[in-house]
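Only the coordinates and a few stated rules stand behind these numbers; no lab work does. Because the structure is a prediction, the values reported are computed rather than measured. Every residue, glycine among them, receives a Cβ derived from its backbone with ideal geometry; neighbour counts consider all protein chains shown.
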Amino acid sequence: MSKESANQFDQLGALYEDLATWPFREHIETPSVKHALGSLAGLDVVDYGCGSGFYARTMKVEGARRVVGYDLADGMLDYARRVAERDGVPIEFRSRLGPECEGAFDVVLAVYVLPYATTRAELDQMCAEMMAPLRPGGRLVALPIHARFEPDPGYYAACGFTLTPDDPQHPYEEGGRLRLDLRYRQYDASVYAWYWSEDAISAALGKAGATAIRWANPALDERYGAAEVPQALQAYVEKPHASILQCRKS
Ligand SMILES: C[S@@+](CC[C@H](N)C(=O)[O-])C[C@H]1O[C@@H](n2cnc3c(N)ncnc32)[C@H](O)[C@@H]1O
């Protein structure tokens, strides 16, 4: 079940905290997520699958009123709590989103969590859990694996990771497993993720009451302007491994 899929993250708090500063995240993903979120001033938000709490803290600093960081991995939650306390950022961390959370939030953010649904039933359940906390008209921003990620495992190596399909002949097979190797700076760790198409994710979200589903590619931070873009980032922008999905609760 999802808990097993999440358990692989228990020891990875420090790695995921560091990962937030890897160039492809710092200069492409994070600015794109912030752009998709828009102004959070006075809003109540959930960071679903919050990991080390990087985005939960970011959303609080950006002006969100109430921030809940939710994750199934106890090790990640412990790490996230410690960092938020150290930095004096008030966040409620939880290992469960109970009925009291239903319809109580304006925004749910879920960065790299949909790929950890191991079956279609788990994908349905995860999408229902992501939509449940939203008020009518509330927004979900999520980052699944890109429907057309580059299946050559070496393509993203200069960004610090490789993504290797179990079945290289059928990289875009529904529910196909991928190994994500994270190798950058002092880190070397592997986790498994699962591929879901835009159709599969849209269908699961639709069942959970989502409307106005939109897909976009992450874009390079504007600050690069006309300046020379490092090759690794250029390659990433051309074929990102994740897309940015947005929808609303009807
Ligand atoms: C790849 S990490 C991403 C963490 C964080 N969102 C980030 O961007 O750094 C995925 C996280 O999702 C959590 N997770 C996986 N399945 C989950 C589920 N069904 N409910 C809550 N958290 C889940 C894992 O424990 C892990 O911390």
Arg66's amide H: which non-local residues (gap 5+, or another chain) put their own amide H closer than 5 Å, with H modeled 1.01 Å from N in plane and none for Pro or chain starts? Asp44, Val45
Spatial separation of Cα centroids for region 223-244 and region 105-133, in angstrom: 27 Å
In whole percents, the bins of 10 Å from zero upward hold the Cα-Cα pairs of region 155-207 as 24, 40, 28, 8, 0
Normalised by the number of residues in region 137-250, what is the relative contact order in percent for Cα pairs under 8 Å and 6+ residues apart? 38 percent
Stretch gain in nm, segment Asp199-Arg96, where the contour uses 0.36 nm per residue and the Cα spacing is subtracted: 34.3 nm
Provide the FRET efficiency to the nearest 0.05 for the Trp215-Glu238 pair, computing r from the beta carbons and using R0 = 22 Å. 0.85
Placing each pseudo-label 7 Å from Cα in the direction of the beta carbon, Gln8 and Arg179 end up separated by a distance in nanometres of 1.0 nm
Straight-line reach from Lys60: which lysines have Cα under 25 Å away, leaving out those fewer than 8 places along the same chain? Lys34, Lys249
Let a ≥ b ≥ c be the square roots of the eigenvalues of the Cα gyration tensor of region 170-250; is it rounded (a/c under 1.5), or, if not, prolate (a/b larger than b/c) or oblate? oblate
Between Thr164 and Arg81, the two model label points (7 Å from Cα along the beta-carbon direction) sit apart by a distance in nm of 3.6 nm
Take peptides 165-173, 193-201 and line them up by average Cβ neighbours within 10 Å, highest first, as a rough protection proxy. 193-201, 165-173
In whole Å, what are the extents of region 1-119 along the principal axes defined by its C-alpha atoms, from largest to smallest? 38, 35, 31
Averaging the inverse of every distinct alpha carbon separation and then flipping it gives the Kirkwood radius. What is it for region 4-71, in angstrom units? 12.7 Å
Within the chain, helix-based [θ] at 222 nm, where runs of 4 or more DSSP H residues each add -39,500 (n - 2.57), nearest 500: -8500 deg cm²/dmol
Please work out the Cα center distance from region 11-50 to region 138-213, rounded to the nearest Å. 17 Å
Cα point-scatterer Debye curve for the chain, base-10 log of I(q)/I(0) at q = 0.10, 0.12 Å⁻¹: -0.44, -0.66
